[in-house]
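The structure appears right after this line, and notes come after that.
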Amino acid sequence: MSREELIQRYIEAILEKRKDISREELIRRIEEKKKHARVSEAYRGVWAVFSLANELGIRLEEVSLEKEIKIGSIVSGLTSISTRGRVIAVLEPREVESNDGKIMISRAIIGDSSGWCYIYLWREKANLFQELGVNVGDAIKIVRAYSKEGRLGTVEIHLGNNGSISKIEDSPDIPPREAFFKRLGEISYSDNVVNVKAMVMGVSQLKRFSDPIRGEGALRRIILADGDLRIPLTLWHEHSFKVTEKDVFSTVLIAGARVRRGLSGSLELELDSMGYLEIVSKTEKVEYSALSKTDIGKLVNLRLYVLKMFKENTVSLGGRIRRVMDTIVSDGESYAILTCWNGVIDRLRQMDAEGKKISFLNVIVRSRGRQILLSTTSSTTIIGVEEGPSNLKIPEATYRIDELEPGMRKIHVEGVVSTTPEEQEVVSTSGERIRLCRLNLMDDTGIVEVVAWRENTSKIMGLRPGVGVRIKWCNVRERGIGRICIEVTGDSEVEMIDIE
């Protein structure tokens, strides 16, 4: 039974119950209802008929549906549903609490040419798929089921006590399984819940945590890719164990993924107990970018020689303490500063990465110009390590003062101290008392302020006016409108030099 046939069946049932209403009047009132429907276009007709029937005191869910109904025509509240479709996914069985104690349920996702929905099998029927040998991709017929509203506007059909399932032969009106999975570029926020096919382009480390409801929990973020488009997917609990770094470049089928808006406003997906994940194939092909051709804000894959690893530090971001470490890297032609976070630091330490060539997936380009700045992300994945050449040198170029730009990191600057170092104590917003030391440095192109904090003040406190110095591995920060300063950090080295 198509959606149009279903609507006509319900119209006839209303007219049979309310002979005081003409067909023309009923259709006019249905059309008026459709204008105020807050459902998708596909469901407005059925919704309007049901809504009007409720106002008229007629229970359409009691209307017998002897003919098969298309899945896309199923709405919440129907009984005696018969339908057929393709098994898109079979979810993990679950044990749930009920008034009769713990009971077992099985769930699957099925679809036909009009749409897809969840199906629930309860108690003694929970093993029906296994007993009948029903697998993903099979075509099945469902008889005497009832429907309910599921999460985020999805529809669920439940097999009743007298309901049954049977395997059937394929038919032209049931699309192949692959037809139910979208490409990444076809997803929008209005989808709410989607099925998608994509390639895994990055895998984060597994995170374990304590869940007050489910006890111990776990999550993992992966990056799905389709051409140049990439979308993060958060895998919760049992799904987080199904994908590891070894599965990078694998093609996956994801069913029942929730669409959400991430903190940055971009589209993200998440997969919980209502979802399904299947690894279907693997390819070894991956494209790597050149440092000189990267774009700001883009996630890129890079093969980089790690030339120098600096000391690890901690920073507070959003109330959380995170570990951070800068490295100097090169692709053999260009140099960059790569900021590494948390688990990536541990990986590089474990593999003794200095001097080696590392294959990184999903590194984000933070800045470009005369200096390339990179950063690892929660989904950065290291997939290979090789011995690097011995002839690559750490860059030692020295910047002139008029060449400095805010945001530059781990650079060398030299000049003459032009003021006596001034030390003072400042109070932070948290009430902490912090030592600060500052002086001015000049060369033949200009003058700039040099600032050091806390224990780093000792690196410049002893300098005197007229002394030539080279400050290595310092950062350049913005200091007020149109002003910059050189920041001496824990990685910085201050050397006395002769200035000609």
(message) For the stretch 344-374, give me each residue that is surrounded by fewer than 17 Cβ atoms within 10 Å (Cβ to Cβ) and over 21 Å from S289 (Cβ atoms).
(response) D346, R349, Q350, M351, D352, E354, G355
(message) Can you name every one of the strands (runs of 3 or more DSSP E) wholly within the stretch 69-120 that holds 1 or more residues which are in contact with an Asp or Glu (Cβ under 9 Å, 6 or more places away or on another chain)?
(response) 81-90, 101-112
(request) Would you be able to tell me the number of residues in the stretch 444-482 that are free of Cβ contacts under 8 Å to residues at least 60 places away in the same chain and either closer than 18 Å to E423 by Cα or touching a strand residue (DSSP E or B) at 6+ places or on another chain (Cβ under 8 Å) (or both)? (result) 25
(message) For a quick check of your reading: which strands (runs of 3 or more DSSP E) sit entirely within the stretch 176-293 and have at least 2 residues that are surrounded by 13 or more Cβ atoms within 10 Å (Cβ to Cβ) and among the hydrophobic types (A, V, I, L, M, F, W, C)?
(response) 193-203, 215-226, 229-236, 250-261, 267-271, 276-282
(request) May I ask you to list the residues in the stretch 430-467 that are out of contact with any Lys or Arg (no Cβ under 6 Å at 6 or more places or on another chain) and either assigned to a loop (DSSP other than H, G, I, E, B) or not assigned by TED's automatic domain parsing to the domain that holds D491 (or both)? (result) S430, G431, E432, D444, I460, M461, G462, L463, R464, P465, G466, V467
(request) Just one of (1) of a type outside the set (D, E); (2) within 18 Å of I81 (Cα to Cα); (3) in contact with a strand residue (DSSP E or B) (Cβ under 8 Å, 6 or more places away or on another chain) trips up N161, so point out which. (result) (3)
(request) Hey, could you check the stretch 418-443 for residues that are small (G, A, S) and in contact with a strand residue (DSSP E or B) (Cβ under 8 Å, 6 or more places away or on another chain) and say which is surrounded by the most Cβ atoms within 10 Å (Cβ to Cβ)? (result) S418
(message) Checking the condition surrounded by 20 or more Cβ atoms within 10 Å (Cβ to Cβ) and touching a strand residue (DSSP E or B) at 6+ places or on another chain (Cβ under 9 Å), which residue from A336, A397 passes?
(response) A336
(request) List the number of the failed condition for N362; all other conditions in (1) without any contact (Cβ under 8 Å) to a residue 60 or more places away in the chain; (2) closer than 30 Å to A225 by Cα hold. (result) (1)
(message) Yes or no: the stretch 245-253 includes at least one residue that is without any contact (Cβ under 8 Å) to a residue 40 or more places away in the chain, among the aromatic types (F, W, Y), farther than 15 Å from T380 by Cβ and not assigned by TED's automatic domain parsing to the domain that holds E92.
(response) no
(request) Kindly indicate the residue of the stretch 216-252 that is of a type in the set (D, E, K, R) and more than 10 Å from the chain's Cα centre (by Cα) and also farthest from F180 (Cα to Cα) among those meeting that condition. (result) E216
(request) Name every residue in the stretch 48-61 that is in a helix (DSSP H, G or I) and surrounded by fewer than 19 Cβ atoms within 10 Å (Cβ to Cβ), in order of residue number. (result) S51, N54, E55, E61
(request) Give the number of residues within the stretch 410-429 that are assigned to a loop (DSSP other than H, G, I, E, B), farther than 20 Å from G446 by Cβ and in contact with a Leu (Cβ under 8 Å, 6 or more places away or on another chain). (result) 0
(request) Please give the number of the condition D20 fails out of (1) at pLDDT 85 or above; (2) buried (at least 17 other Cβ atoms within 10 Å of the Cβ); (3) not hydrophobic (A, V, I, L, M, F, W, C). (result) (2)
(message) Condition first: free of Cβ contacts under 8 Å to residues at least 12 places away in the same chain and under 17 Å from I69 (Cα atoms). Now tell me which residues in the stretch 148-176 satisfy that.
(response) P172
(request) For the stretch 98-114, indicate whether the set of residues that are buried (at least 17 other Cβ atoms within 10 Å of the Cβ), in contact with a Cys (Cβ under 9 Å, 6 or more places away or on another chain), at pLDDT 90 or above and small (G, A, S) is non-empty. (result) yes
(message) Any residue at all in the stretch 404-417 that's surrounded by fewer than 14 Cβ atoms within 10 Å (Cβ to Cβ), assigned by TED's automatic domain parsing to the domain that holds C474 and under 26 Å from E449 (Cβ atoms)?
(response) yes
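The values are calculated or read from the model by the stated rules, or taken from the named source; none is laboratory data. A quick note: this is a predicted structure, and the numbers were derived from the prediction, not measured. For neighbour counting, all protein chains shown are included, and Cβ atoms are generated from backbone atoms with ideal geometry for every residue, glycine included.
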